[in-house]
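This report refers to the structure that appears directly beneath it.
Values in this text are rule-based calculations from the coordinates and carry no lab data. Note that the structure is predicted; figures quoted are calculated from it, not measured. Here Cβ is always computed from backbone atoms with ideal geometry, including for glycine, and neighbour counts include all displayed protein chains.
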Amino acid sequence: MAYNSFEDLEVWKRACNLAVQTYGMMRTCRDYGFKDQMTRAAVSVASNIAEGAERDSKAEYIRFLHIAKGSAAELRTQVYIARKINILSETDACNMANELKEISSMLHGLIKSLKLKT
């Protein structure tokens, strides 16, 4: 399948779904600062994929993919903390962490493939 738009990217779709799931899981969290930090990081992953894809240079695209990857790592750290302070269940935290690892791996692959293209 040829690339037409960031909406075609599986990694963007999965990042969007994870952001929606994060909002759902954090809905009842009363630690508003932590909740805000987690939801911002979750939204940042998909947003940076999209923003980079719409830039006019491959270097800019790669830069934004690195930012998205950093946001995924930030959110994964917050997931681990949320589990330890009983904001997330063991199952939810494990599922989120695994999905974030997959998304990071997909971003790494996309970055690598863009670097190989001339």
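Given an 8 Å cut-off on Cα distances and at least 6 residues of separation, report the relative contact order of the chain as a percent.
25 percent
If you take the Cα atoms of the chain, find Rg, then find the Kirkwood Rh from the mean of 1/r over all pairs, what is Rg/Rh?
Reported Rg/Rh, Kirkwood definition of Rh: 1.01.
Please list, by residue number, every one of the GluC sites (Glu not before Pro) in the stretch 24-110 that is coil in DSSP and has at most 15 other beta-carbon atoms within 10 Å.
For GluC sites (Glu not before Pro) across the stretch 24-110 that sit outside H, G, I, E and B with at most 15 neighbouring Cβ atoms in 10 Å, the list reads Glu54.
Suppose every K and R has +1 on its Cβ and every D and E has -1 on its Cβ; what is the size of the dipole of the chain about the Cα centre, in Debye to the nearest 20?
The dipole magnitude comes to about 300 debye.
Listing Arg63, Arg30 from the residue with the fewest other Cβ atoms within 10 Å to the one with the most, what is the order?
In increasing order of surrounding Cβ atoms, one gets Arg30, Arg63.
Which pairs in the list Lys35/Lys115; Lys13/Lys35; Lys58/Lys101 are over 30 Å apart, alpha-carbon to alpha-carbon?
Too far apart for the 30 Å limit: Lys35/Lys115.
Suppose R0 equals 22 Å. What FRET efficiency, 1/(1 + (r/R0)^6) with r the Cβ-Cβ distance, do Asp36 and Lys84 give to the nearest 0.05?
Calculated value: 0.70.
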